[in-house]
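First the structure, in the form of structure tokens, and then the observations on it.
The values are calculated or read from the model by the stated rules, or taken from the named source; none is laboratory data. Given the structure is predicted, the values throughout are model-derived calculations rather than measurements. Heads up, the Cβs are rebuilt from the backbone with ideal geometry, glycines too, and the neighbour counts pull from every protein chain shown. The area values use the complete protein model at the heavy-atom level, side chains included, leaving out ligands, DNA and RNA. Shrake-Rupley method; radii C 1.70, N 1.55, O 1.52, S 1.80 Å.
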Amino acid sequence: LGPRQAAPDAQTKWHAALALDGVVLVIAAISLFWSLGAAPIRDTNEALYADIALAMAHGGSWIIPHLNGVPYIEKPPLLYWLMALSFKLFGVGAWQARLPDTLSAWLTVLGCIAYGRAVAAPLAGRFAALVTGTALGYVLIARNILFDPLMVFFWLSALALLVLAVERRQRAWLRAAAVAVALATLPKGPMAFLLLGLVAVVQLLVAPGAWTRRELFKFYLDPWAIALFLLIAAPWHLAALDILPGFGWFFFVNETIGRFLGTRIPDDFHHGPWWYYAPNLLIGFFQWVPLLAVLAWFAPRLSGNDAASVSARWARNAAITLTVFFSSAGDKGAYYLLPVVPLVAWWLGVRLQAALRPDEGDAALRRRLGVGALLFGLAALGLWALTLTPPLHAELLRSGLPRAQFSWLPTLVIGVALVAFLGGSLLLLRKLALGLAVFSLSAVIMVDFAAQLAVAKTPDISQKHVAAVMRQILPAQTVWFSWQTFEDHDASLLLYGTRHLFVIDSTSEDLWFGCSNDPRQTTCVDQNAVRQIRAEGRPFAVWVSRKRLQGWLDSGLAQGLRSQPFKDSVVFYSLGTK
């Protein structure tokens, strides 16, 4: 303010704060929803989960999820329910399938802002929201079909409500937390409840605050909170136990305990060293790493007992607990630590807000944040320069980066660097809100490139093109088979080509439980099924991955069939004799 300007009144400040919150929500919405449906459904878990939801939308069971016609009970059905509703409301397509996860991520951003207001830390909430809604790794995961973004929204809500309950000593907040964690178990299973319980126990042992440990433990065991949790979480589990034989062992023992211990049957999970998550977290935060490092090193430590400081320590402890827990697990996945991104952003956001108090001297911190933003811009230019070297240039092309997208790299990098330099310059000029907002726009540029790259790589990641070609060749009543595997590359055929695939001599890990309990062979069949349908003179097609092509040819089943080659597969078919 200039010397002659009057201080803004409370209403003006309120409107300014709402405007800033709105800017953050819009930037996060663009990052999360931009070109959401541009890329087709991928031949990964995306296709598996979308097919389950589509089966529900088309009249399948809403209690026992079915994948390609057989039970698939690795996870509870909340995500499938929401996708099925999305299909019913908006039609079947890629963005409709991804909408529940992406919307959950945006609601997490909104939750950060709301929580900031609840604990009198609006800047911290706004900062956490901006980081969560634009951190490249977090955003790219949230734009895929996975259980985690939906679970994270409910789980973080439960944690925030738990902190409010303990801080305010009010059981109503605890009961709301019980509702939220119950909802968090419905997309991901009991692990959500166990993780919240672990965080609560760590806090009980390490930092009970004004409580005695006995008092806090008794507070946790509120009968109404327990009843609300069971009322929401138990019905589906009990119904599945009653309907599906073998559910209890597979879901609770094999899928939950066995996955953590690394003994799950079949072994379909990722392995990694104890430090597996270190580089994955750097990718998760990506462009925000230099700025977060500045805050972690230079922002004042939190020693007060105000609500914001207490919540920040809870967030820090929860982030550490989750990282240690998943690092010790036998099963590792980069998306398991998705909640760590908003937790760390909240912890450092509170420290940033503390640094802006008049007695803290925040000018130096703002300059350091500006330097961090400039360093990211320089790093982007440096990485691009490395791609010009012959070895890395050749490696990128070998890795499948299309030449057209490779030629776009200079535009991408220069755009990201310019945004980083502009944001850093504004931070150096002590324009904190504007500088951070401008810097966050680098996410929009990178997300747009990722979306266009996925479209260009459609033949590598989806069977949409295969299905389109074969629809022109095959009659509508064609029976489709897949040779030996299912989820490796061909799962999206269920969305784009056929509603059912018979899997010959299945080695599929995702169909293992369903097919082992399918004596009628409604999905997993042997080679005689092909011979029989051929003898009947009916049209059929067999999708074969090029990696398994030799085994298919050695079987002799290809004799007399026509073939249509594609980049990573060959479809063998017969138009029938009837």
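Observations on the model:
- The stretch 549-568 residues that are small (Gly, Ala, Ser), paired with ones that are part of a loop (DSSP other than H, G, I, E, B) and open to solvent by 40 Å² or more (accessible area, probe 1.4 Å) (beta carbon under 8 Å, 6 or more apart): 551/484; 555/527
- Test: residue in the stretch 401-408 that is part of a helix (DSSP H, G or I), touching a helix residue (DSSP H, G or I) at 6+ places or on another chain (Cβ under 9 Å), open to solvent by 20 Å² or more (accessible area, probe 1.4 Å) and modelled with pLDDT of 95 or more: no
- Here residue 172 passes the criteria (1) touching a residue at least 12 places away in the same chain (Cβ under 8 Å); (2) assigned to a helix (DSSP H, G or I); (3) more than 18 Å from residue 443 (Cα to Cα) except the one numbered (1).
- Some residue of the stretch 53-62 being open to solvent by 10 Å² or more (accessible area, probe 1.4 Å) and under 17 Å from the mean Cα position of the chain (by Cα): no
Residue by residue, here is whether (1) under 17 Å from residue 45 (Cβ atoms); (2) in contact with a Lys or Arg (Cβ under 9 Å, 6 or more places away or on another chain); (3) of a type in the set (Asp, Glu); (4) touching a residue at least 24 places away in the same chain (Cβ under 8 Å) holds:
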position: 67; (1), (2), (3), (4): yes, no, no, yes
position: 72; (1), (2), (3), (4): yes, no, no, yes
position: 82; (1), (2), (3), (4): yes, no, no, yes
position: 100; (1), (2), (3), (4): yes, no, no, yes
position: 111; (1), (2), (3), (4): no, no, no, yes
position: 114; (1), (2), (3), (4): no, no, no, no
position: 120; (1), (2), (3), (4): no, no, no, yes
position: 128; (1), (2), (3), (4): no, no, no, yes
position: 132; (1), (2), (3), (4): no, no, no, yes
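- Taking helices (runs of 4 or more DSSP H) as the structural unit, those lying wholly within the stretch 10-123 and holding at least 3 residues that are farther than 22 Å from residue 151 by Cβ and among the β-branched types (Val, Ile, Thr) correspond to 10-33.
- Comparison of 319, 293 shows that the only residue that is surrounded by fewer than 18 Cβ atoms within 10 Å (Cβ to Cβ), of a type outside the set (Val, Ile, Thr), at pLDDT 95 or above and closer than 30 Å to residue 379 by Cβ is 293.
- Check on residue 128, within 28 Å of residue 80 (Cα to Cα), of a type outside the set (Lys, Arg) and open to solvent by less than 20 Å² (accessible area, probe 1.4 Å): no
- Search result, residues across the stretch 330-352 that are under 19 Å from the mean Cα position of the chain (by Cα), modelled with pLDDT under 95 and in a loop (DSSP other than H, G, I, E, B): 331, 332, 333
- Residue count for the stretch 203-224, restricted to those that are in contact (Cβ under 8 Å) with a residue 60 or more places away in the chain, part of a helix (DSSP H, G or I) and exposed (fewer than 14 other Cβ atoms within 10 Å of the Cβ): 1
- Test: residue in the stretch 256-264 that is open to solvent by 70 Å² or more (accessible area, probe 1.4 Å) and at pLDDT 90 or above: yes
- Checked against (1) touching a Leu at 6+ places or on another chain (Cβ under 6 Å); (2) farther than 21 Å from residue 348 by Cβ, residue 146 passes all but a single condition, namely (1).
- Checking every residue in the stretch 229-241 against the condition of being open to solvent by 20 Å² or more (accessible area, probe 1.4 Å), at pLDDT 95 or above and of a type in the set (Phe, Trp, Tyr) gives at least one match.
- Test: residue in the stretch 438-455 that is more than 25 Å from residue 102 (Cα to Cα), of a type in the set (A, V, I, L, M, F, W, C) and open to solvent by less than 50 Å² (accessible area, probe 1.4 Å): no
- Long-range neighbours under 8 Å by Cβ, at least six apart or interchain, first residue under 12 Å from residue 506 (Cα atoms) and aliphatic (A, V, I, L, M) within the stretch 518-536, second part of a helix (DSSP H, G or I) and at pLDDT 95 or above: none
- Exclusive hit being over 23 Å from residue 320 (Cβ atoms), part of a helix (DSSP H, G or I) and more than 22 Å from the chain's Cα centre (by Cα), set 239, 200: 239
- Answer residue from the stretch 523-543, given it is more than 21 Å from residue 565 (Cα to Cα) and within 32 Å of the chain's Cα centre (by Cα) and is least open to solvent (accessible area, probe 1.4 Å) among those: 523
- Per-region count, the stretch 475-485, residues within 20 Å of residue 549 (Cβ to Cβ) and open to solvent by less than 40 Å² (accessible area, probe 1.4 Å): 5
- Only a single item in (1) over 19 Å from residue 444 (Cα atoms); (2) open to solvent by 10 Å² or more (accessible area, probe 1.4 Å); (3) touching a residue at least 12 places away in the same chain (Cβ under 8 Å); (4) out of contact with any Ser or Thr (no Cβ under 7 Å at 6 or more places or on another chain) is not met by residue 140, and it is number (1).
- Matching residues, the stretch 543-565, being assigned to a helix (DSSP H, G or I) and either in contact with a His (Cβ under 7 Å, 6 or more places away or on another chain) or of a type outside the set (Phe, Trp, Tyr) (or both): 546, 547, 548, 549, 550, 551, 553, 554, 555
- Some residue of the stretch 474-481 being at pLDDT 95 or above and either touching a His at 6+ places or on another chain (Cβ under 9 Å) or within 14 Å of residue 43 (Cβ to Cβ) (or both): yes
- Scan of the stretch 143-158 for residues that are part of a helix (DSSP H, G or I), in contact (Cβ under 8 Å) with a residue 60 or more places away in the chain and open to solvent by 10 Å² or more (accessible area, probe 1.4 Å), ordered by number: 156
- Any hit, the stretch 506-515, residues being modelled with pLDDT under 90, closer than 27 Å to residue 577 by Cβ and surrounded by fewer than 19 Cβ atoms within 10 Å (Cβ to Cβ): no
- Residues located in the stretch 486-497, provided they are surrounded by fewer than 23 Cβ atoms within 10 Å (Cβ to Cβ) and either charged (D, E, K, R) or part of a loop (DSSP other than H, G, I, E, B) (or both): 487, 488
- Of the residues making up the stretch 296-315, those that are buried (at least 19 other Cβ atoms within 10 Å of the Cβ) and more than 23 Å from residue 207 (Cα to Cα) number 0.
- If you check 70, 92 for being surrounded by fewer than 23 Cβ atoms within 10 Å (Cβ to Cβ) and under 17 Å from residue 490 (Cα atoms), only one passes: 70.
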